[in-house]
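Colleague: Take this structure first; my questions come after.
Any read-out appearing in this document is the output of simple, stated calculations on the displayed coordinates, not a laboratory observation. Please read all numbers here as calculations on a predicted model, not as lab measurements. As a convention, Cβ positions derive from the backbone with ideal geometry for all residues, glycine included, and neighbour counts pool all protein chains shown.
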Amino acid sequence: MTTSEPLPPDAAVDLHLHTRYSDGAWRPADLFATLTQGGFRVVSVVDHDQMEHLPEVSALGAERSIVVIPGTEVTTEWRGLAAHLLCYAPLATGFTSDALRAVVDDTRARMLANTQMIYDTMLARGYHFPRQQEALARDGQLNRAMDVGTLLLAHGYADGPGEAMRMVNEAGYQQALAPIAQAVAAAHASGALCVLAHPGRGEGEIHRYEPAEIEALLAEVPLDGVEVYYPTHSTAQVAAYEALAARHGLLISAGSDSHAPNTRQPVPYPARRIAPLLQRLGVTTQQ
Ligand SMILES: [Zn+2]
Ligand SMILES: [Zn+2]
């Protein structure tokens, strides 16, 4: 839906949510019930490397008078390191070409092929997964490599998540990554803005981007913004990324990265903190 009324400065916004369409456990309807209870006004569901969620979440938002910015989080690569890229399309137009969809379809296809290969390897080794349907969201459908780890855990073949991941790695896990320059070019060709997700995170496959490294990235790739407000960013990190954004004229975004009802919840960030980004996407905030 579109919005004509300007948002109050403190209106609750969260531009980084996930559902069962990718690796989240949220059912979209439950997520939107929670967002309604929390009084959220503008959100974006950015399920990884796909766009199949867009019609359903936009319909749920329209039913509940929550503005839903069309978005996806693309798993990209820069200098051999993973970089998560949030792509947001303006409300009025949505994604205007299939360029970005082609990138995410290719990334997802490679991810699914690798996941299937790992699964087949486990079966060939004699592991059985009779409780697959209950153990995995999406009615047991395989989606990503860690789903095989979840199956190993659920069937008592691994003692903990660390061992499950080690078994998945050993079976040939490879991240599917789109070159970041290609993803940004495709997003721009689709009318979307590109925001570097959670730069201050940094664990496992997630690389931490210090401000100086983002400056090197910006010299090669025309990013539009940085996700400055994020639950695990420290006060010092927020200040450093705010300063970086000011130096380079980058837009600032805010998101919880909520994946599931029983873990991190959506966060009601005040709209004023990201008003210029919201404006570019078609949502005006009162001064
Ligand atoms: Zn991410
Ligand atoms: Zn995310």
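Colleague: Taking amide hydrogens as modeled 1.01 Å from N in the peptide plane, which residues meet the under 5 Å criterion relative to HIS48, leaving out close sequence neighbours?
Modeller: SER22, ASP23, GLU73
Colleague: How high is the relative contact order of the chain, in percent, with contacts defined as C-alpha pairs under 8 Å that are six or more residues apart?
Modeller: Numbers: 559 pairs, mean separation 75.5, N = 287.
It rounds to 26 percent for the chain.
Colleague: Just name one of THR107, ALA185, ALA236: the one whose Cα is farthest towards the positive end of the charge dipole of the chain (beta-carbon charges, Lys/Arg +1, Asp/Glu -1).
Modeller: The residue sitting most towards the positive pole is ALA236.
Colleague: Please find the FRET efficiency linking ARG27 to ALA246, where r is the Cβ-Cβ separation and R0 is fixed at 35 Å, and quote it to the nearest 0.05. Mind dumping the intermediate values first?
Modeller: Numbers: r = 39 Å, r/R0 = 1.12.
Computed FRET efficiency for ARG27 and ALA246: 0.35.
Colleague: For GLU163 paired with SER97, estimate the spin-label separation in nm (one decimal), with each label point 7 Å from Cα along the Cα-to-Cβ line.
Modeller: It works out to 5.1 nm between the two label points.
Colleague: Which loop trypsin sites (Lys or Arg not before Pro) in the stretch 203-275, with loop taken from DSSP, have no more than 13 other Cβ atoms within 10 angstrom of their Cβ?
Modeller: Numbers: sites: ARG208, ARG247, ARG264, ARG272, ARG273; in loops: ARG208, ARG264.
Counting only loop positions with at most 13 other Cβ atoms within 10 Å, the trypsin sites (Lys or Arg not before Pro) in the stretch 203-275 are ARG208, ARG264.
Colleague: For a quick check, take a GNM of the chain with Cα springs below 10 Å and name the residue from PRO268, PRO161, PRO70 with the largest mean-square fluctuation.
Modeller: Most flexible of the set in this elastic network: PRO161.
Colleague: Nearest 5 percent is fine: what portion of the DSSP beta bridges confined to the chain is antiparallel?
Modeller: Here the share of antiparallel DSSP bridges comes out near 45 percent.
Colleague: How many angstrom lie between the C-alpha centres of the stretch 1-50 and the stretch 158-175?
Modeller: 32 Å
Colleague: For the chain, build the charge dipole from Cβ charges (+1 Lys, Arg; -1 Asp, Glu) around the Cα centre, then report which of GLY80, SER253, VAL148 sits farthest towards its positive end.
Modeller: SER253
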